[in-house]
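Structure first, commentary second.
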Amino acid sequence: MLQDVRIVTVSIAVPWQVVYEFARQPSLLPQWASGLAAGITEEGGRWFGESPMGRVQIEMAPDNPYGVLDHDVTLPDGTVFHNPMRAVANGDGCELTFTVFRAVGADSAGFEKDCAHVASDLQALKRLLESAAHR
């Protein structure tokens with residue numbers, strides 16, 4: 001059975017490579033990913049964050065030349081959420097996309113809330129990177 005999905009996109013007036021290099025660093029997630037604002041730690045080469053769902057493990061896609069920022073988030077109960085994310089060139093800037101999957105059992109309101117949360121985080125990343133580019 002297919003899940004409902006929504007592609008959340010933001011245009012960022014910064015080269016895609018800059019967006020990619022920043023967004024792929026787990027240690028920088030608290031600066032823009034509000035669900036992990038409590039902090040990120042590295043333990044034995046693995047990354048963990050404090051989230052509203054408890055302590056989660058974050059595993060980023062390996063470094064690549066394609067702008068793939070996919071990452072898996074493993075919840076305390078072992079449930080894994082795969083989060084497809086891409087940075088692609090748009091002229092001198094970047095299109096950043098995040099595919100939001102409707103969680104099994106989530107109602108429409110919950111799905112809308114998840115999509116809004118992702119959109120807010122991508123806007124935070126946009127503000128951060130664009131303001132840094134103008135310094």
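Values in this text are rule-based calculations from the coordinates and carry no lab data. The model shown is predicted, which means the values in this text are computed figures rather than measured ones. Backbone-built Cβ (ideal geometry, glycine too); neighbour counts: all protein chains shown.
Observations on the model:
- The stretch 5-133: relative contact order in percent, alpha carbon pairs under 8 Å with at least 6 residues between: 32
- Relative to the longest principal axis of the Cα atoms of the chain, the long axis of helix 108-133 makes an angle of roughly 30 degrees.
- Calculated mean residue ellipticity at 222 nm for the chain: -8500 deg cm²/dmol, from DSSP H runs with n ≥ 4 weighted as -39500 (n - 2.57), summed, divided by the residue count and rounded to 500.
- Listed values (i) 48, 35, 25; (ii) 41, 36, 25; (iii) 46, 40, 33, entry calculated as Cα extents along the principal axes in Å: (ii)
- Positive-end residue, the chain charge dipole about Cα centroid, Cβ charges, pick of 10, 30, 106: 10
- Only Lys, Arg, Asp and Glu carry charge here, each on its Cβ (+1 for the first two, -1 for the last two); on that basis the chain has a dipole of about 260 debye about its Cα centre.
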